[in-house]
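Student: Provided herewith is a single structure, encoded as structure tokens, for subsequent inquiry.
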Amino acid sequence: MSVRTGAGVRSLARIVARDDGRGGTSLPVLESDGPLALRRTRAAGSEARVMLVGAMSGPLGGDHFTVQGRVEEGARLSVGSAAATIALPGQAKGEARYDVRLDVADHGELHWLPEQLISAQGSDLYVTTRVELAPTARLVLREEQVLGRVGEEPGRLTSRLTVRVAGQAVLDQELSCGPGAPGGWDGPAVLAGHRAVGQLVVVRPEFAAEPVTAGVLGEGASLVPLAGPAALVTAVAPDALRLRRLLDEALSSLRQT
């Protein structure tokens, strides 16, 4: 079990989803400790569902959380979280880290839909999400970040997202916001004064032959095709509620294509 010390907490959560051969998906590996707790929830058809529950506060300064997920061939998995994650300042010096590593095999499908990440004043968090997809894998991934709680300034938040299909990068981008971030992050070319930013990545094999059409999806959101069988929705909004609405509307629109 992880224990919080002056040097911060190290915590690891692991999920493996496997086709059970009976039209469903089993979870032979569902392991977590310390601040990260994984809970199996009711399946939906052939899709297994898992909820990530924060068992302790954090990540705080000096903490290092890691989540690893693998969807094996033909399996279907949906992962959400029970509440928003709040990055907080801690007694330990240095930034906190939150690493997500996802791997989806051929004919597997992953929906990665956590709640928002909130950067509280005084916090310093570096988040990395890396996804490796086989050629026929499917993905729906949502990231949402809120800069500061109500009435407070944000902490320092750096987020990097990398998605690779068949070994080729279709997306590799990084955004840094808050005190100490490179200049311009709050300017008209990036957040334009908004305090909620998010993205939605959808990967489908059929997008290789019929890419989505780039366009505006309402005030603050845009859709662009990526190199390969993927599409990216980027959105900014004044608050978390409006951001979620924009991304939900975008996903609903993509499902109709």
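The values are calculated or read from the model by the stated rules, or taken from the named source; none is laboratory data. Values in this document were obtained by computation on a predicted structure and should not be read as measured data. Here Cβ is always computed from backbone atoms with ideal geometry, including for glycine, and neighbour counts include all displayed protein chains. Just the protein is used for accessible areas: all its heavy atoms, side chains included, with ligands, DNA and RNA removed. Shrake-Rupley method; radii C 1.70, N 1.55, O 1.52, S 1.80 Å.
Student: Quickly work out the Gln168-to-Ala209 label distance, labels modelled 7 Å from Cα along the C-beta direction, and quote it in nm with one decimal.
Tutor: Placing both labels 7 Å beyond Cα along the Cβ direction yields 1.7 nm.
Student: Rounded to the nearest 500 deg cm²/dmol, what is the calculated helix-only ellipticity per residue at 222 nm for the chain, with -39500 (n - 2.57) per DSSP H run of length n ≥ 4?
Tutor: So the helix-based figure for the chain works out to -2000 deg cm²/dmol.
Student: Let me ask something else. Quick one: longest stretch of the chain between exposed loop trypsin sites (Lys or Arg not before Pro), exposed meaning at most 11 other C-beta atoms within 10 Å and loop per DSSP? Present the calculation step by step, with values, prior to reporting the outcome.
Tutor: On the way: sites that count: Arg22, Lys93.
Longest gap between qualifying sites, sites excluded: 94-257.
Student: Another one. Please tell me the relative contact order of segment 126-179 in percent, rounded to the nearest whole number, where contacts are Cα pairs under 8 Å and at least six residues apart. If you can, show how the numbers build up before the last one.
Tutor: Working: 77 pairs, mean separation 22.1, N = 54.
Contact order relative to length: 41 percent.
Student: Keeping all protein chains in position, work out how much accessible area Asp106 exposes to a 1.4 Å probe, and write it in Å² to the nearest 10.
Tutor: That residue has around 50 Å² of solvent-accessible surface.
Student: Which whole-number percentage describes the relative contact order of the chain, with Cα contacts under 8 Å and a sequence gap of 6 or more?
Tutor: Relative contact order here is 12 percent.
Student: Could you tell me what percent of the DSSP beta bridges with both partners in the chain are antiparallel, to the nearest 5? Before the final figure, lay out the partial values.
Tutor: Values: 45 of 100 bridges.
Within the chain, antiparallel bridges account for around 45 percent of the total.
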